[in-house]
Each structure stands twice: as structure tokens, then as C-alpha cells.
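Student: To start, I am sharing the structure in question, which I have written as C-alpha cells.
The values are calculated or read from the model by the stated rules, or taken from the named source; none is laboratory data. Keep in mind the model is a prediction, meaning the values are calculated, not measured. So basically every Cβ, Gly included, is an ideal-geometry build from the backbone, and we count neighbours across all protein chains shown. Surface areas here come from the heavy atoms of the whole protein model, side chains and all, with no ligands, DNA or RNA. Shrake-Rupley method; radii C 1.70, N 1.55, O 1.52, S 1.80 Å.
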Amino acid sequence: VKPVTLTVNGRPVTAEVEPRTSLADYLREGEGLTGTNLGCEHGVCGACTIEIDGVPARSCITLAVACEGASVRTIEGFAEDPVMEQLRQAFTAEHALQCGYCTPECW
Ligand code: FES
């Protein structure tokens, strides 16, 4: 078990994680942020995309311990973003889904 300190959606967190724990698993199971979804778990589908230090990244192929000191933003971190809300509504209205995980019922 390794300690990791990072910021998640603007909130500083410190956790003890197994070195092999993916960032996606840590966010879902450790932080309860289930808006980060898993599809392929091989870095292909993009269902697990989050931001690390403002850059989109696939959390299924990122180790949580590699995020020491990083700022991570999940879809929940965009909850108050009016542009993201417009985008979400447009996607829903037009059925513009990639995998279906991003439908409003998911989170
Ligand atoms: S789950 Fe498919 S890219 Fe991460």
C-alpha cells in the first residue's frame, strides 16, 4: 500500500492505495465518483476520461500512485459548469452517445 496525495474536483485528498490500483478504480471505489465509467479498460473507448492537471486522460490506464500532487477533475467536477450542462442536454436530446455510459441516469 502506498500513500498518494492529490486534488480531486478541487478537494485535497490523501489515500492509501495498492500500487496497481488504477485511477478509475480509486475514483469510483475510494472517492465514490461513479461518473467515471469503465468500458474497455484498455485505453481505447474513452469512457473513463477525466482531466489530470487540465489535460484529458484515460483513468483506466493511469495508476493512482502516479497522480501524486496532481489535480484531477471528473465529470462530477463539471456539475456547476453551465456550458457542460448545455452540452449534456444537447447530447441527451440528440442521442449523441459514444458508449451510453454518459446518459444522465448514470450520475
Ligand atoms: S475504459 Fe475504455 S479507455 Fe478507459
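Student: Quickly run through the range 51-94 and pick out the residues that are under 10 Å from the mean Cα position of the chain (by Cα) and either among the acidic types (Asp, Glu) or within 10 Å of the ligand (Cβ to nearest atom) (or both).
Tutor: Residues of the range 51-94 under 10 Å from the mean Cα position of the chain (by Cα): 51-52, 56-60, 72-77.
Matches in the range 51-94: GLU51, ALA57, ARG58, SER59, CYS60, GLU76.
Student: Filter the range 22-37 down to residues that are in a loop (DSSP other than H, G, I, E, B) and not polar (S, T, N, Q) and give me whichever is surrounded by the fewest Cβ atoms within 10 Å (Cβ to Cβ).
Tutor: Keep residues of the range 22-37 that are in a loop (DSSP other than H, G, I, E, B), which gives 31-37.
From what is left, the residues that are not polar (S, T, N, Q) are 31-33, 35.
Details: GLU31: 17, GLY32: 8, LEU33: 21, GLY35: 17.
Only one residue tops the list, namely GLY32.
Student: Can you tell me which residue in the range 64-98 is surrounded by the fewest Cβ atoms within 10 Å (Cβ to Cβ), limited to those that are hydroxyl-bearing (Ser, Thr, Tyr) and touching a strand residue (DSSP E or B) at 6+ places or on another chain (Cβ under 7 Å)?
Tutor: Narrowing the range 64-98 to residues hydroxyl-bearing (Ser, Thr, Tyr): 71, 74, 92.
Retained after the next criterion (residues that are touching a strand residue (DSSP E or B) at 6+ places or on another chain (Cβ under 7 Å)): 71, 74.
Values: SER71: 16, THR74: 24.
Ranking the candidates gives SER71 first.
Student: Quick one: in the range 19-47, which of the residues that are near the ligand (Cβ under 7 Å from one of its atoms) and free of Cβ contacts under 8 Å to residues at least 24 places away in the same chain is nearest to ASN9 (Cα to Cα)?
Tutor: Of everything passing the filter in the range 19-47, LEU38 is nearest to ASN9 (Cα to Cα).
Student: Okay, moving on. So the check is Cβ under 6 Å with 6+ separation or different chains; which pairs have a first residue in the range 48-63 that's open to solvent by less than 30 Å² (accessible area, probe 1.4 Å) and assigned to a loop (DSSP other than H, G, I, E, B) and a second one that's among the hydroxyl-bearing types (Ser, Thr, Tyr) and at pLDDT 95 or above?
Tutor: Hits for this filter: CYS48/SER59.
Student: Let me ask something additional. Taking VAL13 as meeting all but one of (1) in contact (Cβ under 8 Å) with a residue 60 or more places away in the chain; (2) aliphatic (A, V, I, L, M); (3) within 26 Å of ASP81 (Cβ to Cβ), write down the number of the exception.
Tutor: Result: VAL13 passes all but (1).
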